Amino acid sequence: MPWLKSEGKFPKNDKVWELSDAAYRLYDAGRHYAVESLTDGHVPASRISALTPKPATKPQIAALVRAKLWHQLPEICESCLKQRKAKGAAPLPRSGYLVHDFLVYNPTRAEWEKDQERRRQAGRAGAEARWGDGSSHGASHSEPNAASDAVCQCDSGKSQCVVHGGVHGGVHGGVHAPYSVPRTSVDKTSAAKAAGGARRTGLRPIGMTAAAIVDRLVEDEPGIGA
């Protein structure tokens with residue numbers, strides 16, 4: 001629902017200043033009702049008793065009409081008629097009350113609904129600009145990783161090797177595409193470089209330090225680095 005808009009100095013307006021506290025509370029409650037219900041300022045007579053903790057009295061309603069803060073329909077001032085015509089407000093019922101100058105500060109129901117639709121379209125356009133149609137973003141979370149079951153050739157028989165799984169595949173939990181690295185080509189020097197990369201990037205198997213990567217590789221491959 002829209003917010004109620006009013007002048008900050010409104011409570012000191014001469015017409016308002018002369019009201020009793022109860023009449024002023026009724027007037028303010030009527031404005032809030034019109035905003036919440038999007039009635040373009042109309043307050044049905046049947047709703048007045050429920051607007052305030054203590055049901056409004058006839059003298060309180062009469063005080064608002066006398067101060068020209070409310071119009072008792074079908075009577076309405078020329079100023080309010082022009083406002084409603086200019087803003088395309090809905091036709092008024094023949095009974096009830098109209099908050100004077102309500103549309104000077106507040107939107108009509110049609111204006112508010114049009115603005116809401118504009119905001120929805122802007123939100124959709126922003127989402128499409130960022131994510132496209134959503135298929136590529138969703139695929140990264142929903143489609144299985146083809147590399148998850150791959151066997152690294154540098155450590156035959158294991159789905160994640162010590163070096164490549166920790167250094168190159170750390171972003172997605174150590175899962176990586178298979179590397180065409182002959183196991184005989186992995187020496188202690190290359191392992192040390194990989195460990196250095198792990199140390200710099202922080203991408204390593206959970207619970208293993210960069211130095212442990214080298215030790216593990218050497219233990220698993222006797223003779224490497226000799």
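The numbers here are math on the coordinates, done by the rules we state, and not lab data. Small disclaimer: the values here were computed from a predicted structure and weren't measured. In this analysis, Cβ positions are derived from the backbone assuming ideal geometry, glycine residues included, and neighbour counts consider all displayed protein chains.
Overview of values
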| read-out | value |
| --- | --- |
| Amide hydrogen neighbours beyond the local backbone of TRP70, cut-off 5 Å, H modeled | VAL65, HIS100 |
| Once the Cα gyration tensor of the range 10-107 is diagonalised, semi-axes √(5λ) in Å | 20, 15, 12 |
| Residue exposure sequence - TYR33, TYR27 - by fewest surrounding Cβ within 10 Å | TYR33, TYR27 |
| Taking LEU103, LEU51 and counting other C-beta atoms within 10 Å, the order from fewest to most | LEU51, LEU103 |
